[in-house]
Amino acid sequence: MSYPKLSFEESLLEKVVLKEKCMGCSACVLVCPFVCLEYHEEKPKLVKKCEVCGICPRVCPRFKWPLSDLEKLVFGRERTANEDFGVYQHLVLAQTIDKDVMSSCQDGGVVTALVTFALKNGTIDGALLSDLRTDKPFFPTPVLATTPEEVLKCAGTRYTYSPNLLAVQEAFKQKTQSLAFVGTPCQIQAIRKMEAAKLKRFTNKIKFTIGLMCTESFTYEGLMEKHIQQTLGVNLHDIKRMNIKGKVIVTTNSGDVKTISLAEAKRYTRKSCLPCTDFSAELADISVGGLGLRGWTLTIIRTETGRELFEAAVKAGLIKTRPADEEKRALSLLVKLSKKKRKTAGSS
Ligand SMILES: Cc1cc2nc3c(=O)[nH]c(=O)nc-3n(C[C@H](O)[C@H](O)[C@H](O)COP(=O)(O)OP(=O)(O)OC[C@H]3O[C@@H](n4cnc5c(N)ncnc54)[C@H](O)[C@@H]3O)c2cc1C
Ligand code: SF4
Ligand code: SF4
Ligand code: SF4
């Protein structure tokens, strides 16, 4: 795909940010060679004169979206008409065998298990993940994790946005060489666009990507502050975990459980999630989701890189598996949510 050299103002500012389509992945901020952009309130902000190098529009998932080119880049082919959730090799239900991981993870702990395995065997020396901020309760923040303890601390899901790519800046500072990336489908898209743009300074470091299936993310002000804190009366410092299984389930440190219907929660969906077409992280090496399951991660192995990593972790006895077709409801939900997201996005 050919790109004319466009400025930030005439490309991303006009066509993405001002149209409220910017989901804040941070890829543009990261790649600007003149450091013209800063990440501010979940968006890029121009802080000095744009040099019109045309690089930032090339990595934005919301600006020209050549899906077929990217599928050819990642898989060597486009998806066929019946590959509803993208190209893949293998689908499986998986669960960590580690009790510590199981007690803090979201579903089957596959993400934490795989990243920890790769750290311990030297495939990577760091991982770009999402931790919690210390100064704001249950507020996610990108982090570079370099030890199994730091990876374990990140386990679990926060349903507000965490621009995990920003942690690459810390990886450069710490001179980390080989990284895992974990993030939402939109962030995986940005990484693949960086690969297509041959921005090797960034992409050569990333050894594998794990994409988290994602229907939407919510605003912190709406879901956390307005609804959970004010309406439900839950102190945000007391939240132990949040999950979505047909409804939003909030569990506190003292074991209290509060729920929010999905219809209610959707009032707080970030506007920039509405044009999103990708439920299952269709360009990741491995995609993972809970899909209504309890204690298991539905795992989609898409690329050779993903297959090698996953099989090695299973062989090492760190992950146990079951055939995916034992959970037919989860499989049909995967297809249904993938189709629905493409259809809804098309009409937004
Ligand atoms: C915003 C969001 C929406 C999701 N929506 C769905 C959904 O609709 N359906 C579904 O089946 N699955 C959804 N998931 C995925 C699901 O919640 C689990 O992350 C997935 O099943 C993996 O579980 P696990 O036990 O293997 O992961 P764990 O071992 O618990 O690891 C989870 C990893 O997620 C990362 N993480 C946590 N919060 C965020 C965040 N906000 N942004 C980026 N990274 C984060 C952490 O760094 C951690 O390494 C969503 C995840 C997110 C972040
Ligand atoms: S990457 Fe290039 S086009 Fe984008 S803001 Fe920086 S100088 Fe401008
Ligand atoms: S979607 Fe990402 S790359 Fe595009 S403008 Fe927003 S932060 Fe930048
Ligand atoms: S719905 Fe799409 S844009 Fe929103 S966080 Fe999920 S992957 Fe990103």
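The values are calculated or read from the model by the stated rules, or taken from the named source; none is laboratory data. For clarity, every value in this text was computed on a predicted model and none was experimentally measured. All Cβ positions, glycine included, derive from the backbone under ideal geometry; neighbour counts span all protein chains shown. To get the accessible areas, we keep the full protein, side chains included, count just its heavy atoms, and leave off ligands, DNA and RNA. Shrake-Rupley method; radii C 1.70, N 1.55, O 1.52, S 1.80 Å.
Within segment 50-89, being of a type in the set (Lys, Arg) and away from ligand 3 (no atom under 16 Å from the Cβ) holds for LYS72, ARG77, ARG79.
Does LEU119 fit the bill of being of a type in the set (A, V, I, L, M, F, W, C) and open to solvent by 40 Å² or more (accessible area, probe 1.4 Å)?
No.
For segment 109-128, the criterion of being in a loop (DSSP other than H, G, I, E, B), within 16 Å of ligand 4 (Cβ to nearest atom), in contact with a Ser or Thr (Cβ under 7 Å, 6 or more places away or on another chain) and under 23 Å from PRO185 (Cα atoms) is satisfied by no residue at all.
Does LYS64 satisfy the criteria of being on the phi > 0 side of the Ramachandran plot and either in contact (Cβ under 8 Å) with a residue 24 or more places away in the chain or in a helix (DSSP H, G or I) (or both)?
Answer is yes for this residue.
A search for C-beta distances below 8 Å between a residue of segment 250-271 that is in a helix (DSSP H, G or I) and any residue that is at pLDDT below 95 and open to solvent by 60 Å² or more (accessible area, probe 1.4 Å), counting only pairs 6+ apart in sequence or on different chains, returns LEU262/GLY246. Each residue in segment 176-193 was checked for being more than 12 Å from the chain's Cα centre (by Cα) and within 14 Å of ligand 3 (Cβ to nearest atom), and 2 pass.
The number of residues in segment 7-59 being assigned to a loop (DSSP other than H, G, I, E, B), more than 15 Å from ligand 4 (Cβ to nearest atom) and over 23 Å from PHE172 (Cβ atoms) comes to 5. Among ALA145, ALA167, ALA155, which is open to solvent by less than 10 Å² (accessible area, probe 1.4 Å) and either touching a helix residue (DSSP H, G or I) at 6+ places or on another chain (Cβ under 8 Å) or free of Cβ contacts under 8 Å to residues at least 24 places away in the same chain (or both)? Selected residue: ALA145, the only one of ALA145, ALA167, ALA155 that is open to solvent by less than 10 Å² (accessible area, probe 1.4 Å) and either touching a helix residue (DSSP H, G or I) at 6+ places or on another chain (Cβ under 8 Å) or free of Cβ contacts under 8 Å to residues at least 24 places away in the same chain (or both). On the stretch given as segment 310-348, residues that are small (Gly, Ala, Ser), modelled with pLDDT of 95 or more, open to solvent by less than 60 Å² (accessible area, probe 1.4 Å) and assigned to a helix (DSSP H, G or I) total 5.
Considering segment 194-218, and only residues there that are in a loop (DSSP other than H, G, I, E, B), in contact (Cβ under 8 Å) with a residue 40 or more places away in the chain and not hydrophobic (A, V, I, L, M, F, W, C), the residue that is nearest to ligand 3 (Cβ to nearest atom) turns out to be SER217.
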